[in-house]
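The values are calculated or read from the model by the stated rules, or taken from the named source; none is laboratory data. Predicted, not measured: the structure shown is a model, and the values here were computed from it. Neighbour counts are summed over all protein chains in view; Cβ atoms, including those assigned to glycine, are modelled from backbone coordinates with ideal geometry.
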Amino acid sequence: MGCASSDEPEAGRSSAPSAVPRDARVLVAYFSRAGENYHYGGRRVLEVGNTEVLVGLIRDRIACDVYRIEAAEPYSEDYDDTVARNVREQDADARPAIANPLPDIAHYDVVLLGSGLWNVRPPMIMRTFAEDLDFTGKTVLPVVTYAVSGIGGAPDEYTEACPGATIGDGLAVRGEEVRDAGVAVTSWLRRVDLR
Ligand SMILES: Cc1cc2nc3c(=O)[nH]c(=O)nc-3n(C[C@H](O)[C@H](O)[C@H](O)COP(=O)(O)O)c2cc1C
C-alpha cells in the first residue's frame, strides 16, 4: 500500500539530517470533498471530507495556519460523477480553477499539501495550487487520505509541481479510518520534526 503513516515507536529510527528548521512556520493547504464517497467497497455520504478530518488532527497538534482549497466549479456530491469528471481532468491535464484567493506562502518554511487520492493521484486542483505558487527553498510534505492506494503518486506529483522544494516524508491515512489516526499523526509529526 505504500502507507507512510505508522504507529511504531520512534526508538531505533535512523536520524537523517532534517530539512525542517526549529520553530518552522507551517501552512497546511488542503482540498477535501464531502458527499458520497467510497467506503470499504461500498458508498457512504460524508458530512465532512476525510482529508478535512485529518487536517483537524494535525492542527490540534501543531501551530500552523490552514488554507482550504475551494474549487471554482464545485465537485458533485455524486461519487460516479466526480470519478468521471476527474478522469476527464486527468486526461486533459487540466488545472481546475480555485475560487478563493491564494495564500501568500513567502513566510512559511513548511507546507503540508493535503488531499484524497483520485485515480491514484491528488485531484488536479492540487496541481493548480502547487503550480501557482513558488515553493523554492521550502519543505513540502504530502498528506493523503485514500481507500486502497496508500500515498500513491502524491510525492512524484509534488516533486514535479513544486520545483526548488524539498519533498519530505508524507503521511497517508486510510479515509475510512481517519478518525482513529491520532497516534499515527503524532508519530508522523515527530518523524518529520514538526513536534
Ligand atoms: C473521484 C475519486 C477517485 C478516487 N480514486 C481513488 C484511488 O485511485 N485510490 C484510492 O485509494 N482512493 C481513491 N478514492 C477514495 C479517496 O481517495 C478517499 O475516500 C479519500 O479519503 C477522499 O478524501 P476527501 O474525503 O478528503 O476528499 C477516490 C475517491 C474519489 C471521489
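Filtering region 43-57 for residues that are within 24 Å of Asp134 (Cα to Cα), in contact (Cβ under 8 Å) with a residue 60 or more places away in the chain and hydroxyl-bearing (Ser, Thr, Tyr) leaves a non-empty set. Annotation note: Cβ proximity below 8 Å between a residue of region 82-98 that is closer than 13 Å to Arg33 by Cβ and modelled with pLDDT of 95 or more and a residue that is in a helix (DSSP H, G or I) and polar (S, T, N, Q) (sequence gap 6+ or interchain) occurs for Pro96/Thr128. Taken over region 145-173, the criterion of being within 13 Å of the ligand (Cβ to nearest atom), part of a loop (DSSP other than H, G, I, E, B) and within 10 Å of the chain's Cα centre (by Cα) is satisfied by Ile151 alone.
Is it the case that some residue within region 19-42 is without any contact (Cβ under 8 Å) to a residue 12 or more places away in the chain, within 15 Å of the ligand (Cβ to nearest atom) and surrounded by fewer than 16 Cβ atoms within 10 Å (Cβ to Cβ)?
Kept after step one, since they are without any contact (Cβ under 8 Å) to a residue 12 or more places away in the chain, are these residues of region 19-42: 22-23, 41-42.
Subsequent filtering for residues that are within 15 Å of the ligand (Cβ to nearest atom) retains 41-42.
Narrowing further to those that are surrounded by fewer than 16 Cβ atoms within 10 Å (Cβ to Cβ): 41-42.
Within region 19-42, one or more residues are without any contact (Cβ under 8 Å) to a residue 12 or more places away in the chain, within 15 Å of the ligand (Cβ to nearest atom) and surrounded by fewer than 16 Cβ atoms within 10 Å (Cβ to Cβ).
Filtered by the rule that a residue be assigned to a strand (DSSP E or B) and either without any contact (Cβ under 8 Å) to a residue 60 or more places away in the chain or aliphatic (A, V, I, L, M) (or both), region 115-127 gives Trp118, Arg121. None of Ala94, Ala130, Ala106 is part of a loop (DSSP other than H, G, I, E, B), more than 16 Å from the ligand (Cβ to nearest atom) and among the hydrophobic types (A, V, I, L, M, F, W, C) except Ala106. Scan region 87-115 for residues that are among the polar types (S, T, N, Q), buried (at least 16 other Cβ atoms within 10 Å of the Cβ) and closer than 18 Å to Thr51 by Cβ and report the count. The qualifying residues number 1. Only one of Val140, Val185, Val192 is within 16 Å of the ligand (Cβ to nearest atom) and either touching a residue at least 60 places away in the same chain (Cβ under 8 Å) or touching a Cys at 6+ places or on another chain (Cβ under 7 Å) (or both). Can you tell me which? So the residue among Val140, Val185, Val192 that is within 16 Å of the ligand (Cβ to nearest atom) and either touching a residue at least 60 places away in the same chain (Cβ under 8 Å) or touching a Cys at 6+ places or on another chain (Cβ under 7 Å) (or both) is Val185.
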